[in-house]
2 protein chains.
Amino acid sequence: MTYGAHARQGASGAEPGRSRPGGRTARTREAVRQATLEELAQHGFDGLTVEGVASRAGVHRATVHRRWRNAAGLAADALDLASDEPWPVPDTGEVRGDLRELTTMVAAHFNDPRDGAVSRGIVAAAVRDAETARALHGFLAGRHRQAAPVVERAVERGELPEGTDAEEVVRTAIAPLYYRLFISGEPVDEGTAVRAADAALAAARAGAFV
Amino acid sequence: MTYGAHARQGASGAEPGRSRPGGRTARTREAVRQATLEELAQHGFDGLTVEGVASRAGVHRATVHRRWRNAAGLAADALDLASDEPWPVPDTGEVRGDLRELTTMVAAHFNDPRDGAVSRGIVAAAVRDAETARALHGFLAGRHRQAAPVVERAVERGELPEGTDAEEVVRTAIAPLYYRLFISGEPVDEGTAVRAADAALAAARAGAFV
């Protein structure tokens, strides 16, 4: 699972031997989620349909329609499931490495052909659909909280000022990547990621987030 | 004209007595642009139609259809026209005031009921339509260039290090606002704007953009 807007297929909750509450219902939900991600990767949100997901997941179309209603419901539920998953927060021992790892992970995620297509599809869906937007906002609020220890540990180590707003440092580090990807349409590479991390760190050191 | 994604109606190129090349053709284009902005403000990109714009602009539907083709063509041309307009770059005499004015202007623009609705409509359109995206990217590239003197003057005054990438400071200052508005769905107010400007400035002072 990366910082991006969905879970990687291999990192999903379907590890062998892992017992999930709900049994068959949970397996159906997971199958529908995986099919939703695949359909998003291949066709984007405009091509995401109850029919396509049902067929790919091997689930009755009526079942998908009854529980997820439409493309927005499918995208929102895939995000809700991804929010519940554990996510490996960077822990290199110093804040510069952690923040660079965080932003580099976001850049790599969006530059990955499959993962990037899925997450671009979800952001595009959220811009025009309120239910997907609610799910994306909840997902990202969770990611901000999960990444906050990167900054909190730095404060404990004395690398950053007491009272630094950890989530605001995280937002500031990743915002330039999203701005380029979804607003200004400029390229995002590892250099962009490193510069964004270093800029957020310099601002945090100067006390801009206290 | 603000840093946001379109021209205010009152600040358009149609000032009395201003002669524009093209005469009747230019007037038609301007009327269609204003009608496009009004339709976007009221109905969003999903409600933007050749019929609605033609009717509001008092221009034959066939003319609008022939010259602008569809909603994407209308939105893209409105942006292209906005790109040509002069824009008052902040000049308070010191870089902190200039950057704060810049980000506060962006926040106020998106919080304005009409202007905000238009620009949200354009960004939403750009996320799903390649022609609108191309126009938005061109518009913002122009705005980055136009705002760069805020940083370049600061370098000349010795407020920022020699060799600071002016456009990157501008992107970094405004990115957190766009991230909140279009990605994480968090509120943007004057405090957000001031903090984003101050963070970009602190990073620039520390040499993060050299």
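The values are calculated or read from the model by the stated rules, or taken from the named source; none is laboratory data. These numbers come from a predicted model, not from an experiment. Positions of Cβ are generated from backbone atoms using ideal geometry, with glycine treated the same way; all protein chains shown enter the neighbour counts. Each accessible area value is taken on the protein alone, full model and side chains, heavy atoms only, with ligands, DNA and RNA left out. Shrake-Rupley method; radii C 1.70, N 1.55, O 1.52, S 1.80 Å.
Applying the selection to segment B:179-210, what residues are closer than 18 Å to B:Arg120 by Cα and free of Cβ contacts under 8 Å to residues at least 24 places away in the same chain?
Hits for segment B:179-210 are B:Tyr179, B:Arg180, B:Ile183, B:Ser184, B:Gly185, B:Glu186, B:Pro187.
Across segment B:87-101, what is the number of residues that are of a type in the set (Asp, Glu) and part of a loop (DSSP other than H, G, I, E, B)?
In the first step, residues of segment B:87-101 are kept if they are of a type in the set (Asp, Glu); the result is B:91, B:94, B:98, B:101.
Still in the list and also part of a loop (DSSP other than H, G, I, E, B): B:91, B:94.
Of the residues in segment B:87-101, 2 are of a type in the set (Asp, Glu) and part of a loop (DSSP other than H, G, I, E, B).
Exactly one of (1) buried (at least 16 other Cβ atoms within 10 Å of the Cβ); (2) more than 28 Å from A:Asp46 (Cα to Cα); (3) in the same structural domain as B:Val194 (by TED's automatic domain parsing); (4) under 16 Å from the mean Cα position of the chain (by Cα) is unmet by B:Val151. Its number?
Failed condition: (4).
Regarding segment B:144-157, can at least one residue be identified that is at the interface with another protein chain (Cβ under 9 Å from one of its Cβ atoms) and either in contact (Cβ under 8 Å) with a residue 60 or more places away in the chain or assigned to a helix (DSSP H, G or I) (or both)?
The initial filter retains those residues of segment B:144-157 that are at the interface with another protein chain (Cβ under 9 Å from one of its Cβ atoms), namely B:144.
After this cut, where a residue has to be either in contact (Cβ under 8 Å) with a residue 60 or more places away in the chain or assigned to a helix (DSSP H, G or I) (or both) as well, the list is B:144.
Within segment B:144-157 (the criterion being at the interface with another protein chain (Cβ under 9 Å from one of its Cβ atoms) and either in contact (Cβ under 8 Å) with a residue 60 or more places away in the chain or assigned to a helix (DSSP H, G or I) (or both)), the answer is yes, since at least one residue qualifies.
Could you list, in sequence order, the residues of segment B:197-210 that are part of a helix (DSSP H, G or I) and open to solvent by 10 Å² or more (accessible area, probe 1.4 Å)? So that I can check it myself, show each step before the final result.
Here is the first cut: in segment B:197-210, the residues part of a helix (DSSP H, G or I) are B:197-205.
Within segment B:197-210, B:Asp198, B:Ala202, B:Arg205 meet the criteria.
Can you find a residue in segment A:108-120 that is at the interface with chain B (Cβ under 9 Å from one of its Cβ atoms) and farther than 24 Å from B:Val169 by Cα? Please lay out each step first, then the result.
Here is the first cut: in segment A:108-120, the ones at the interface with chain B (Cβ under 9 Å from one of its Cβ atoms) are A:120.
Next, only the ones that are farther than 24 Å from B:Val169 by Cα stay: A:120.
Yes, segment A:108-120 contains a residue that is at the interface with chain B (Cβ under 9 Å from one of its Cβ atoms) and farther than 24 Å from B:Val169 by Cα.
Considering only segment A:158-176, state which residues are more than 8 Å from chain B (Cβ to nearest Cβ) and in a helix (DSSP H, G or I). Walk me through it before giving the result.
Pass one, segment A:158-176, residues more than 8 Å from chain B (Cβ to nearest Cβ): A:158-167, A:169-170, A:173.
Hits for segment A:158-176 are A:Ala166, A:Glu167, A:Val169, A:Val170, A:Ala173.
Restricted to segment B:39-51, and to residues that are charged (D, E, K, R) and surrounded by fewer than 17 Cβ atoms within 10 Å (Cβ to Cβ), which residue is modelled with the highest pLDDT?
Among residues in segment B:39-51 that are charged (D, E, K, R) and surrounded by fewer than 17 Cβ atoms within 10 Å (Cβ to Cβ), the one modelled with the highest pLDDT is B:Glu51.
Pick from A:Val89, A:Val127, A:Val123: which is within 11 Å of chain B (Cβ to nearest Cβ) and open to solvent by 10 Å² or more (accessible area, probe 1.4 Å)?
Working: A:Val89 fails: within 11 Å of chain B (Cβ to nearest Cβ); A:Val123 fails: open to solvent by 10 Å² or more (accessible area, probe 1.4 Å).
Residue meeting the stated conditions: A:Val127.
Return yes or no: is A:Gly138 on the phi > 0 side of the Ramachandran plot and more than 7 Å from chain B (Cβ to nearest Cβ)?
Values: on the phi > 0 side of the Ramachandran plot: no; more than 7 Å from chain B (Cβ to nearest Cβ): yes.
Against the criterion (on the phi > 0 side of the Ramachandran plot and more than 7 Å from chain B (Cβ to nearest Cβ)), A:Gly138 does not qualify.
Give segment A:177-190 a look and list any residue that's within 8 Å of chain B (Cβ to nearest Cβ) and either open to solvent by less than 10 Å² (accessible area, probe 1.4 Å) or within 16 Å of the chain's Cα centre (by Cα) (or both), or say none. I'd like the intermediate steps shown before the answer.
First, pick out the residues of segment A:177-190 that are within 8 Å of chain B (Cβ to nearest Cβ): A:178-180, A:182-186.
A:Tyr178, A:Tyr179, A:Phe182, A:Ile183, A:Ser184, listed by residue number.
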